[in-house]
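Each reported figure results from applying straightforward, stated rules to the coordinates on display, with no laboratory input. Every value quoted in this text rests on a predicted model; they were computed, and no experiment measured them. Positions of Cβ are generated from backbone atoms using ideal geometry, with glycine treated the same way; all protein chains shown enter the neighbour counts.
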Number of protein chains: 2
Amino acid sequence: MNTTTPDALVIKMLLNAWHNENKRITDLITNLTDEQLAAETAPGRNTGMYLLGHLAAVNDNLFKLLTSSERLHPELDVVFLHSKDKSGKPMPSATELKAYWNEINAGLSAIFNAMQPTDWMERHNSVSAEDFAKEPHRNKLNVIISRTIHQSYHLGQMNYLKK
Amino acid sequence: MNTTTPDALVIKMLLNAWHNENKRITDLITNLTDEQLAAETAPGRNTGMYLLGHLAAVNDNLFKLLTSSERLHPELDVVFLHSKDKSGKPMPSATELKAYWNEINAGLSAIFNAMQPTDWMERHNSVSAEDFAKEPHRNKLNVIISRTIHQSYHLGQMNYLKK
């Protein structure tokens, strides 16, 4: 059994990193017009709307990975995870999508705040107990690390939407 | 005795995340032609060459932040940190820059491998002992977190260099 006790400070550092990247995206989309958000991030590349929906769907999946809570917007997956951009499938409006983004992140913040250091070292819900015994790094904290990096990856692209 | 000290697993997770992002960039630049690397990542935006030099310079600064070792390529700062892209200042060639990138990252890997878990929780070299006493999150591990995120941010943009 893994007896690692994580340092509360390190968890705080990682949650701060998550919130920083999350807030940079929120600040960006708050300052973009709907037209800017609907534009391609570069010629022939994903639009801002698609990337925002993609990030919202990935974040919404965290409810399932980290908790036994229901997801808030599982309907996003079909357009933003299982389809490429410009699939023709109906998308929420920019106003709706921004509201979902904020709602999902507020829900996640509440969950993160309630989690104790040892909770973060538990297996996430898509790894089996058997695999986790062999690969103890597949814990909930590692999900936050990878999703923080993922947010930053697409933020770099979405920043090209700014004039 | 438990073979892991308290933070060893988390440190391993974070170093893995660093190496993953680092390798994604290395793989990308290995597969791009010199012309592709010299192109703008999007119209009017930074070129791949500039972003690679920028990332190499930021990584090279880690020698100073984390160790008492000399930096390998401090000359990169004037072009890639203190100047914007297209400044007209002389740049290394793509071949040279790729070689520096690999050299810097290999040097950093050797340092990371030699560091013990407690070393990572020490203050980094640009924070004073007084400030660190008040802000213990300003440690060496936090530098790795922020630089991993930074690599991913620009990787998202550099991936637009691919056809």
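What the table shows:
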quantity	calculated
Inter-label distance, nm, simple model (7 Å from Cα along the C-beta direction), A:Lys64/A:Gln36	3.3 nm
Simple spin-label estimate for B:Arg24 and B:Gln116 in nanometres, 7 Å along Cα-Cβ	3.4 nm
Separation of the B:Asp131 and A:Asn16 label points, Cα + 7 Å toward Cβ, nm	1.2 nm
Nearest-ten-degree value, helix B:140-158 long axis tilted from longest Cα axis of chain B	20 degrees
Cβ-derived FRET efficiency at R0 22 Å, B:Ser146 paired with A:Glu103, nearest 0.05	0.20
Copy-to-copy label separations for A:Thr118, where each label sits 7 Å from Cα toward Cβ, in nm and ascending	2.5
Count, lysine Cα pairs under 19 Å in chain A, 8 or more residues apart or across chains	8
Top positive-direction residue, dipole computed over the protein assembly as shown with Cβ charges, set A:Ser128, A:Asn46, A:Thr67	A:Asn46
Long-range amide H partners of B:Thr47 with built H, under 5 Å	B:Thr41
